[in-house]
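The block underneath contains the structure these notes are about, expressed in structure tokens.
What follows is calculated from the coordinates using simple rules that are stated; it is not laboratory data. Quick caveat, the model's predicted, so the values are computed rather than measured. With ideal geometry, Cβ positions are generated from the backbone for all residues, glycine too; neighbour counts draw on all protein chains shown.
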Amino acid sequence: MSIWNDPAGGFHPASFADYLPRARLQEVQLQRLRSVVARAYDRVELFRRRMEERKLTPASVGRLEDLAQLPFTVKADLRDTYPFGLFASPMEEIVRLHASSGTTGKPIVVAYTREDIEVWREVMVRSFAACGVHRGDVIQNAYGYGLFTGGLGAHYGGEALGATVIPISGGNTDRQLMVMKDFGVTVICSTPSYFLHLTEHMQAMRSPVHVRVGVFGAEPWSEAMRQRIQADTGVRAYDIYGLSEIIGPGVGVECASQAGLHLFEDHFLPEIIDPATGRVLPDGTEGELVLTTLSKQAMPMIRYRTRDVTTLVPEPCACGRTLRRIKRIERRSDDMFIIRGVNVFPSQVETALLQVEGTLPHYEIVLTREKGLDQMEVRVEVTPEVFSDRMRALEAVQKKLADAVEQVLGIRVAVSLVEPRSIARSEGKAKRVIDRRTI
Ligand code: DLL
């Protein structure tokens, strides 16, 4: 039996780079860094301008440490150059576009060449392998298919691994449960909150399911949630991390040790910075994760500020991988939150609300979790005139608001109209989001 056919998992050939000696890994990183900086400088106007402002050229990068001199890239740069302004490849070389939500109504667009798709597939194969997924497994892929990177990212990785992939996408709980039971599913990919929702229903199912591994990500979740999932279902729950701007899922993943996420450092170079000053912090210190893509062609990202707060773990991992780990991501340094896998900025909700006549700029967003499913309620103050209107008129405003929010976010949320001055005013930064989701 060839090593590719090893049904017991063991080792996958694509994982060899997970174990490179650090010195060799750093050579690869430096060589790739120099070439990606040159590519971005030559082909992306925004990046070249920022380099020139700092009197830098690609030749300024002679060592890995020189990365710290380079300018940061932020989400607003993608928005400001919407849709294609950061592309470093001509359209004829781009084979795929995905999109994710930006800070305003417009999404941010990300692009892939054929080689980029190949790298993505590779890191997803390595991710699955690290979670003990192998040929012979049946993967129920409940990440959304579409502009979101989760669905197709996991799909192609699973197929390339040689597993059977069921492209069920998100939603439709009854069908998910039927498929899980009837198709002999052994691996589930979904957001942790959606799996929690499925488990509520699974408990009502009489026949046992055979799910062994869960590959959960796209939103923050806690160790307590892992313990709950593992104890209640017997599924081994692994954390997978990624973001559209960098590639999608597969930037980092847990291994059998379940002690932090290994970053695929041969493709994504991590730094941790102080979000207030931008200064690089030493390993072991908590800060904002900054990533540089080392092999991306269509859209190289140089020092991309993820806004995700974490710590680079300096100690080597018991699994033997030489790739450094980050601690699980529990929060962000901006106000973005994630509900049912959708990234939401309060500013998007605000823009939608204020489009509707009769609303006041005072609102709050309440997040709860019912039966494992995230719920979002927007409470917004309306003018005294609207508030004293008859029920029918109030309902009409409420519907308009729910439509406006759905237009921007793509999900239906509950909207409540409240009396003027009933939402607490803050003395400093307004606290727009009240997150009551536990575990
Ligand atoms: O969520 C990619 C993905 C798909 C990752 C499937 C894992 C699984 P975006 O929609 O661009 O991409 O959202 C990226 O989601 O910056 C984090 O704030 C958050 N996030 C992603 N994975 C995790 C995780 C995908 N494991 C944003 N833990 C990121 C905590 C996560 N937060």
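Counting other Cβ atoms within 10 Å, which chymotrypsin sites (Phe, Trp or Tyr not before Pro) in the range 255-330 have at most 15 and lie in a DSSP loop? It would help to have the intermediate numbers written out before the result.
Numbers: sites: Phe264, Phe268, Tyr304; in loops: Phe264.
Passing sites in the range 255-330 do not exist.
Calculate one ³J(HN,Hα) per residue across the range 318-326 by plugging θ = phi - 60° into the Karplus curve 6.51 cos²θ - 1.76 cosθ + 1.60, and present them in order as whole Hz with x for glycine and proline.
Per-residue couplings from phi come out as 4, 6, x, 5, 8, 5, 5, 10, 10 Hz.
Roughly how many debye, to the nearest 20, is the charge dipole of the chain about its Cα centre, given +1 on each Lys and Arg Cβ, -1 on each Asp and Glu Cβ, and no other charges?
Once rounded to the nearest 20, the dipole reads 220 debye.
Please go through the residue pairs Lys400/Lys431; Lys55/Lys296; Lys181/Lys327 and name each one whose alpha carbons sit more than 28 Å apart in this structure.
Lys181/Lys327
Under the 0.36 nm per residue contour assumption, what length would be gained going from the current alpha-carbon distance of Asp42 and Arg390 to full extension?
119.1 nm
Can you list the trypsin sites (Lys or Arg not before Pro) in the range 178-256 that are in a DSSP coil and have 10 or fewer other beta carbons within 10 angstrom?
Arg206
By count of other Cβ within 10 Å, fewest leading, how are Thr173, Thr359 ordered? Walk me through the numbers before you get to the answer.
Working: Thr173 16, Thr359 23.
Neighbour counts put them in this order, fewest first: Thr173, Thr359.
Which order do peptides 307-315, 238-246 fall in by mean Cβ count within 10 Å, highest first?
Per-residue Cβ counts within 10 Å, averaged per peptide and sorted highest first, yield 238-246, 307-315.
Whole angstrom only: what separates the Cα centroid of the range 391-439 from the Cα centroid of the range 212-247?
29
Using θ = phi - 60° and the Karplus form 6.51 cos²θ - 1.76 cosθ + 1.60, what ³J(HN,Hα) does each residue of the range 257-273 get, whole Hz, x for Gly and Pro?
Karplus-based 3J(HN,Hα) across the range 257-273 equals 5, 6, 10, x, 9, 6, 8, 6, 5, 6, 10, 10, 8, x, 9, 10, 10 Hz.
Based only on other Cβ atoms within 10 Å, what is the fewest-to-most ordering of Val405, Val413, Val95, Val179?
Details: Val405 27, Val413 20, Val95 14, Val179 17.
In order of increasing Cβ crowding within 10 Å: Val95, Val179, Val413, Val405.
For the chain, report the % of Cα-Cα distances exceeding 27 Å. Walk me through the numbers on the way to the answer.
Values: 53346 of 96141 pairs.
The proportion of pairs with Cα distances above 27 Å equals 55 percent.
Amide H to amide H under 5 Å from Asp137: which residues, 5+ apart in sequence or cross-chain, H placed 1.01 Å off N in plane?
Thr164
Under a 5 Å amide H to amide H cut-off, with H placed in plane at 1.01 Å, what residues pair with Arg340 once short-range neighbours are removed?
Residues meeting the amide H criterion: Asp374.
Could you pull out every residue, at least 5 positions away or on a different chain, whose amide H is within less than 5 Å of the one on Arg321? Hs are placed 1.01 Å off N in the peptide plane, and Pro or chain starts have none.
none
So what are the ³J(HN,Hα) numbers for the range 60-73, from phi and the Karplus equation (6.51, -1.76, 1.60; θ = phi - 60°), rounded to whole Hz, Gly and Pro as x?
5, 9, x, 9, 4, 5, 5, 3, 4, 7, 6, x, 7, 10
Cα centroids of the range 111-131 and the range 325-362: how far apart, whole angstrom?
29
Name the residue farthest towards the positive end of the dipole of the chain from the options Thr368, Gly153, Gly320, assuming +1 on Cβ of Lys and Arg, -1 on Cβ of Asp and Glu, about the Cα centre.
Of Thr368, Gly153, Gly320, it is Gly320.
Could you work out the helix-only [θ] at 222 nm for the chain, with each DSSP H run of four or more residues adding -39,500 (n - 2.57) and the total divided by the number of residues, to the nearest 500 deg cm²/dmol?
-9000 deg cm²/dmol
Report the trypsin sites (Lys or Arg not before Pro) located in the range 354-414 that are in a DSSP loop and have at most 16 other Cβ atoms inside 10 Å of their Cβ, or state none.
Lys371, Arg390, Arg412
If you put +1 on each Lys and Arg Cβ and -1 on each Asp and Glu Cβ, how big is the dipole of the range 337-435 around its Cα centre, in Debye rounded to 20?
Values: 14 positive and 15 negative charges, 39 e Å.
Rounded to the nearest 20 debye, it is 180 debye.
Between Gln69 and Ser222, how high is the FRET efficiency from 1/(1 + (r/R0)^6) when r is the Cβ-Cβ distance and R₀ = 30 Å? Nearest 0.05. Could the numbers behind the result be given before it?
Details: r = 37 Å, r/R0 = 1.22.
Using R0 = 30 Å, I get an efficiency of 0.25.
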